[in-house]
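Remarks on the structure that follows.
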Amino acid sequence: MMSVRAVFLDRDETLIANPGDLADPEQVVLLPEAADGVRALHHAGWMLFVVTNQGGVARGAFTMDDVDATNARVQAVLAQATEIEQPIQAFYACPWHPKGVVTEYASEHPWRKPSPGMLLAAAEEFDVDLRASWLVGDAPRDIAAGAAAGCRTVLLGEGACDPEPTHRCRSLVEAASCICDGAS
């Protein structure tokens with residue numbers, strides 16, 4: 001099997017508007033240009049994954065069923081907006097948080113960004129070449145996870161970030177352009 005290249009996308013404030021914990025499918029709203037960015041990456045041959053921390057599960061704010069329903073809604077909204085049947089190959093969600101109150105999720109975990117566990121799991125499951133792949137996110141923990149996995153990274157927005165991302169962009173469509181231009 002030949003390794004594939006992928007773009008790992010954070011979910012909240014990268015694809016959808018969410019300043020806090022979101023686990024209500026009815027509140028899913030794509031960020032401006034998110035669909036255009038997903039469409040451009042998909043048409044350029046990138047396999048797309050979502051990797052998202054969902055510590056609200058550990059804190060008892062919502063359940064994994066709520067996260068799964070929200071992720072399904074993100075997929076449906078993206079599919080409609082991009083006219084791509086399955087724009088996201090798979091969603092990986094980390095319900096663990098060290099300050100959780102739900103016992104089974106009240107701990108640190110290798111999937112919790114800034115650790116690279118979700119990216120490593122996707123790479124193993126889908127034969128992704130992490131060195132040929134990218135991570136796009138809006139927070140330093142996203143960039144740290146991507147760098148730890150060996151990916152190139154794009155930070156959406158300004159602000160301090162350690163490690164420094166490969167690129168900084170204002171939107172997912174700008175990031176897609178950067179990735180597609182730099183993929184050769």
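Here are a few things to note about the model shown:
- Checking C94 against (1) crowded, with 18+ Cβ neighbours inside 10 Å; (2) at pLDDT below 95, the condition it does not meet: (2)
- Restricting the range 58-89 to residues that are hydrophobic (A, V, I, L, M, F, W, C), surrounded by 17 or more Cβ atoms within 10 Å (Cβ to Cβ) and touching a strand residue (DSSP E or B) at 6+ places or on another chain (Cβ under 8 Å) leaves a set whose member that is farthest from E125 (Cα to Cα) is V77.
- Just one of the listed residues (V51, V28, V74) is under 30 Å from C180 (Cβ atoms), in contact with an Asp or Glu (Cβ under 8 Å, 6 or more places away or on another chain) and at pLDDT 95 or above, and it is V51.
- Complete set of residues in the range 1-20 that are touching a strand residue (DSSP E or B) at 6+ places or on another chain (Cβ under 7 Å) and either under 10 Å from L31 (Cβ atoms) or not in a loop (DSSP other than H, G, I, E, B) (or both): V4, A6, V7, F8, L9, D12, T14, L15, I16, N18
- Complete set of residues in the range 31-49 that are assigned to a strand (DSSP E or B) and free of Cβ contacts under 8 Å to residues at least 60 places away in the same chain: L48
- Within the set G45, G37, the sole residue that is surrounded by fewer than 22 Cβ atoms within 10 Å (Cβ to Cβ), at pLDDT 95 or above, within 23 Å of D181 (Cβ to Cβ) and out of contact with any strand residue (DSSP E or B) (no Cβ under 7 Å at 6 or more places or on another chain) turns out to be G45.
Residue-by-condition table, conditions (1) of a type in the set (A, V, I, L, M, F, W, C); (2) crowded, with 18+ Cβ neighbours inside 10 Å:
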| residue | (1), (2) |
| --- | --- |
| D127 | no, no |
| L130 | yes, yes |
| S133 | no, yes |
| V136 | yes, yes |
| R141 | no, no |
| R152 | no, yes |
| G159 | no, no |
| P165 | no, yes |
| A176 | yes, yes |
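The values are calculated or read from the model by the stated rules, or taken from the named source; none is laboratory data. Everything numeric in this text was worked out from a predicted model, so none of it was measured. When we count neighbours, we look across all protein chains shown, and the Cβ atoms used for this are built from the backbone with ideal geometry, even at glycine.
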